Amino acid sequence: MGSFAPIAATPLVDTATPNTATSTAELLRRGKIKETAQKFEASFLSVMLQSMSAGVKTPELGGGGEGEDMFKSLLNEEMAKQVAKSGGIGLAATVQREMLKMQGLKE
């Protein structure tokens, strides 16, 4: 059997940057921007799904009735969150890019 050489660990923070406090703060800000953009996309998708499902009628027999009507908005909201979390429709990336520009940060 051959010998295995240890793999050098790569640092999570750029150690070449002299001021790591600024780097950490910037990483936190970038994380918040990404999260906010994703929430915005989820909100947009939720409204879109709500509009799409507004005209859908459930059958009388086996339909959800009043309970389904009450919880349909919650279902749409959760579906929108999952779609946004798994890549969405590209709206979050665009919003994130614009927010980074507004903060004076590069991509």
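Key figures for this structure:
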{"quantity": "Of K81/K101; K34/K101; K57/K81; K32/K106; K81/K106, those spanning more than 22 Å from alpha-carbon to alpha-carbon", "calculated": "K81/K101; K57/K81; K81/K106"}
{"quantity": "Magnitude of the charge dipole, the stretch 40-107, Cβ model with Lys/Arg +1 and Asp/Glu -1, debye to 20", "calculated": "440 debye"}
{"quantity": "Positive-end residue of S23, A92, M79, charge dipole of the stretch 22-107 with Cβ unit charges", "calculated": "S23"}
{"quantity": "V95 accessible area, assembled protein chains, probe 1.4 Å, Å²", "calculated": "30 Å²"}
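The values are calculated or read from the model by the stated rules, or taken from the named source; none is laboratory data. Predicted model, so just to flag it, every value in this text is computed and none were measured. Heads up, the Cβs are rebuilt from the backbone with ideal geometry, glycines too, and the neighbour counts pull from every protein chain shown. The accessibility values were calculated without ligands, DNA or RNA, using every heavy atom of the protein model including side chains. Shrake-Rupley method; radii C 1.70, N 1.55, O 1.52, S 1.80 Å.
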